[in-house]
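Nothing in this text is a laboratory measurement; each read-out follows from the coordinates by a stated rule. Bear in mind the structure is a predicted one, so any value in this text is a computation, not a measurement. All Cβ positions, glycine included, derive from the backbone under ideal geometry; neighbour counts span all protein chains shown.
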Amino acid sequence: MGHFDGEGYLYLGDRRSDMILSGGANIYPAEVEAAIDEHPAVRSCAVVGIPDDDLGNRIHAVVQTVSPVTDDELRTFLAERLVRYKIPRTFEYTSEAVRDDAGKVRRSALRAERS
């Protein structure tokens, strides 16, 4: 999936199959991941949709950190970069890599482990 800007440049976002439908909004994980990755305490992250009875899916971020960070710190940081409905509702922190050797996120495996 992608979009054109005002000057006609094409920006590629994410695969349609990776899109998260949450509360009627389409959310592309790559956009959320790019915002989280800007935080100085974050090495890498992966964003997936977790089934939710009210929203359909809720946004969940698995975050590999280089130094401690809290949910509130990340939410405050992301509020300056994303609209509110794209900010993950839940965070999970790990010291292990969230991407494979090729730099790809295995979203289906991450979703299955957390559903």
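Brief remarks follow.
- Each Cα pair under 8 Å and six or more residues apart adds its separation to the average, and for the chain the resulting relative contact order is 22 percent.
- Computed from the C-beta positions of Arg114 and Ser67, the FRET efficiency with R₀ = 41 Å rounds to 0.95.
- Placing +1 on each Lys and Arg Cβ and -1 on each Asp and Glu Cβ, with no other charges, gives segment 46-92 a dipole about its Cα centre of roughly 200 debye.
- Under the combined filter of DSSP loop state and at most 10 neighbouring Cβ atoms within 10 Å, segment 47-109 retains these trypsin sites (Lys or Arg not before Pro): Lys104.
- Residue-span extension gain [Arg75 to Glu38] - 0.36 nm each, minus C-alpha spacing: 12.1 nm
- Applying the criteria of a DSSP loop state and at most 12 other Cβ atoms within 10 Å to the GluC sites (Glu not before Pro) of segment 85-115 yields Glu96.
- According to the calculation over all Cα-Cα pairs in the chain, the P(r) per 5 Å bin from zero is 2, 11, 22, 24, 21, 13, 5, 2, 0 %.
- Loop-located GluC sites (Glu not before Pro) in segment 25-82, at most 10 other Cβ atoms within 10 Å (DSSP): Glu80
- Selected from Ala34, Gln64, Ala46, residue furthest toward positive end of dipole (the chain; charges at beta carbon): Ala46
- Charging the Cβ of each Asp and Glu at -1 and of each Lys and Arg at +1, and nothing else, the dipole of the chain about its Cα centre rounds to 280 debye.
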